[in-house]
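These notes are about the structure you will find just below.
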Amino acid sequence: MSTSDAQPLIQMQGVNKFFGSFQALKNINLEVRKGERIVVCGPSGSGKSTMIRCINRLEDHNDGHIIIDGKELTDQVKDINAVRREVGMVFQSFNLFPHMTIVKNLMLAQQLVRKIPKAEARETAMHYLKRVKIPEQAEKYPIALSGGQQQRVAIARALCMKPEIMLFDEPTSALDPEMINEVLEVMVDLAKEGMTMICVTHEMGFARSVADRIIFMDEGEIVEEAAPAQFFDNPKSERTKKFLSQILSH
Amino acid sequence: MSFDLNLIAESLPMMLMGIGITFKLLIISGFLGLTLAIFLLLMRISGRWYLSFPAQVYIYVFRGTPILVQIFIIYYGLPQFETVRDSIFWPILREPMGCAILALTLNTGAYVSEILRGGVLGVSKGILEAGSALGMSVRQKFIYLTAPIAARLALPAYSNDVISLLKSTALASTITIADMTGIARTIVADTYAPYEIFISLAIVYMIFTFGIQKLFGVIERYLGRYTQREG
């Protein structure tokens with residue numbers, strides 16, 4: 001149910017990315033409209049993480065254009081920070097600030113980056129902690145929480161910045177199996193509310209039920225881009241078929 | 001060989017009169033050295049060669065030479081230069097105390113900046129990326145993320161350097177300062193009883209080291225409270 005705004009929220013045009021002589025991204029062209037949910041999958045080392053890390057410039061691209069909500073990503077620090085305020089990111093390894101309590105984790109960037117007063121920042125923090133269903137953990141340090149709880153905190157921390165776009169970089173890959181669902185539930189809720197999302201994940205059940213489009217990457221290229229039904233039931237490329245048979249066979 | 005306990009009982013109170021000087025050396029050069037170390041650290045991690053290179057040279061020079069030689073160069077060497085004698089620093093450099101504090105500060109600053117750098121390198125990249133992704137500036141990330149985490153990581157090695165500095169203060173006695181060691185040497189010169197005097201002096205240093213260890217243990221538990229699952 002992609003909306004048809006005139007301007008896509010994310011545009012990647014002819015993006016190449018090199019790590020030394022290794023080409024991590026090859027001529028990536030991607031458009032994401034407001035409210036779209038994209039799942040990116042592909043084998044390890046295929047460039048999927050690198051691609052979404054380029055969107056908030058945790059990696060810089062070598063050629064091509066990346067335009068987020070009308071702002072092109074360049075070397076200008078000001079532009080980068082303006083874009084990063086609009087783009088929330090959730091990492092595989094949670095990356096909570098270990099020396100701060102949960103609620104402080106959620107308040108820090110609000111206060112520093114958005115210049116929101118302390119009391120209001122705390123209120124927002126508690127609001128999102130309730131949404132990810134762990135308000136009672138607010139005063140604990142991250143180490144006291146389970147992996148699933150930590151990842152839900154990380155999602156809440158990104159949401160506190162009121163982003164336009166959420167990027168998920170394998171958010172459930174580091175979790176014990178019994179904790180995966182509690183994180184996916186939060187992500188499904190978010191999708192229902194119309195958040196624009198790009199998720200790198202191997203959770204194919206999630207991809208099938210939530211994604212508007214699935215992007216399959218291999219060796220730095222986008223090999224296939226299709227709606228879930230077509231992607232799973234009638235993939236075009238041989239590489240996609242091979243990948244699907246590997247991950248769905250057991 | 002006999003061990004004269006009376007002599008120890010008599011000389012211990014005299015040596016303890018030097019505690020004030022020993023602590024003055026330790027606390028002032030410890031504080032100034034830490035400040036210097038932070039500046040050196042910022043220069044080294046600035047990513048600008050014209051800041052990081054001088055800091056590296058400085059650290060190399062002060063780690064590469066004996067502190068006793070540094071004390072001698074400052075105390076005996078600097079007054080040779082007229083510009084030094086005419087400068088506003090002369091009132092400090094004229095006094096052995098000023099020279100000793102300067103030498104200890106310059107020396108400990110070099111070591112501590114490397115200790116702090118170890119802490120900074122230990123901060124996980126992912127935590128800083130999370131800060132970037134939230135839109136935090138380089139300066140904000142350093143103040144709110146890197147510095148507190150690095151301080152915790154560097155603390156055990158830093159406490160080691162403070163203990164080492166305590167013992168380096170004894171070298172000040174070589175330039176006429178009457179710290180505990182200076183007084184002990186005077187007593188030894190009078191009594192010809194180096195065994196009793198120096199052993200009791202050594203025990204006094206050990207007691208202070210114990211105190212410093214305990215103090216850092218408390219600080220470590222406080223700064224590290226987020227590393228404990230309970231409480």
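The values are calculated or read from the model by the stated rules, or taken from the named source; none is laboratory data. These numbers were taken from a predicted model, which means no experiment stands behind them. Counting neighbours? That spans all protein chains shown, and the Cβs are built from the backbone with ideal geometry, glycine included.
Elements of the type helices (runs of 4 or more DSSP H) sitting completely within the range B:1-95 and holding at least 1 residues that are closer than 17 Å to B:Gly109 by Cβ: these cover B:19-44, B:49-63, B:67-72, B:90-93. Only a single criterion out of (1) part of a helix (DSSP H, G or I); (2) without any contact (Cβ under 8 Å) to a residue 24 or more places away in the chain; (3) within 14 Å of another protein chain (Cβ to nearest Cβ); (4) more than 22 Å from the chain's Cα centre (by Cα) is not satisfied by B:Val188, namely (3). List the residue pairs whose Cβ atoms are under 6 Å apart, where the first residue sits in the range A:212-231 and is more than 13 Å from A:Ile52 (Cα to Cα), the second is part of a loop (DSSP other than H, G, I, E, B) and acidic (Asp, Glu), and the two are 6 or more positions apart or on different chains. Final answer for the pair search is A:Asp212/A:Glu36. Looking across B:Ala130, B:Ala147, one residue alone is within 12 Å of another protein chain (Cβ to nearest Cβ), part of a helix (DSSP H, G or I) and more than 17 Å from A:Asn95 (Cβ to Cβ). It is B:Ala147. Filter the range A:201-250 down to the residues that are assigned to a helix (DSSP H, G or I), surrounded by fewer than 18 Cβ atoms within 10 Å (Cβ to Cβ) and either touching a Pro at 6+ places or on another chain (Cβ under 8 Å) or polar (S, T, N, Q) (or both) and list them by number. Scanning the range A:201-250 gives A:Arg208, A:Ser209, A:Gln230, A:Lys241, A:Leu244, A:Ser245, A:Gln246.
Counting only residues that are charged (D, E, K, R), in contact with an Asp or Glu (Cβ under 8 Å, 6 or more places away or on another chain) and without any contact (Cβ under 8 Å) to a residue 60 or more places away in the chain, how many does the range A:148-164 have? Number of matching residues: 1. Being within 28 Å of A:Met204 (Cα to Cα), of a type in the set (S, T, N, Q) and out of contact with any strand residue (DSSP E or B) (no Cβ under 9 Å at 6 or more places or on another chain) is the filter here; which residues of the range A:125-170 pass it? Matches in the range A:125-170: A:Ser146, A:Gln149, A:Gln150. Among the criteria (1) outside any helix (DSSP H, G or I); (2) at pLDDT 95 or above; (3) closer than 21 Å to B:Tyr76 by Cβ, the one B:Val123 does not fulfil is (3). Whether a residue is within 21 Å of the chain's Cα centre (by Cα) and surrounded by fewer than 21 Cβ atoms within 10 Å (Cβ to Cβ) was assessed, and A:Val113 passes this test. So, in the range A:133-143, how many residues would count as being out of contact with any helix residue (DSSP H, G or I) (no Cβ under 6 Å at 6 or more places or on another chain), within 14 Å of chain B (Cβ to nearest Cβ) and not in a loop (DSSP other than H, G, I, E, B)? Selection size over the range A:133-143: 1. Looking at B:Arg139, B:Arg152, just one residue is part of a helix (DSSP H, G or I), within 11 Å of chain A (Cβ to nearest Cβ) and buried (at least 21 other Cβ atoms within 10 Å of the Cβ), and that residue is B:Arg152. Taking into account only those residues within the range A:27-68 that are within 14 Å of chain B (Cβ to nearest Cβ) and of a type in the set (D, E, K, R), which is nearest to A:Thr172 (Cα to Cα)? So the residue we want is A:Arg53.
Taken over the range A:26-42, the criterion of being of a type in the set (Lys, Arg), part of a strand (DSSP E or B) and closer than 17 Å to A:Gly194 by Cα is satisfied by A:Arg37 alone. Is it fair to say B:Arg229 is more than 12 Å from chain A (Cβ to nearest Cβ), without any contact (Cβ under 8 Å) to a residue 40 or more places away in the chain and over 30 Å from A:Lys78 (Cβ atoms)? Against the criterion (more than 12 Å from chain A (Cβ to nearest Cβ), without any contact (Cβ under 8 Å) to a residue 40 or more places away in the chain and over 30 Å from A:Lys78 (Cβ atoms)), B:Arg229 does not qualify. Taken over the range A:172-200, the residue count meeting the criterion of being in contact with a Lys or Arg (Cβ under 9 Å, 6 or more places away or on another chain) and part of a loop (DSSP other than H, G, I, E, B) is 2.
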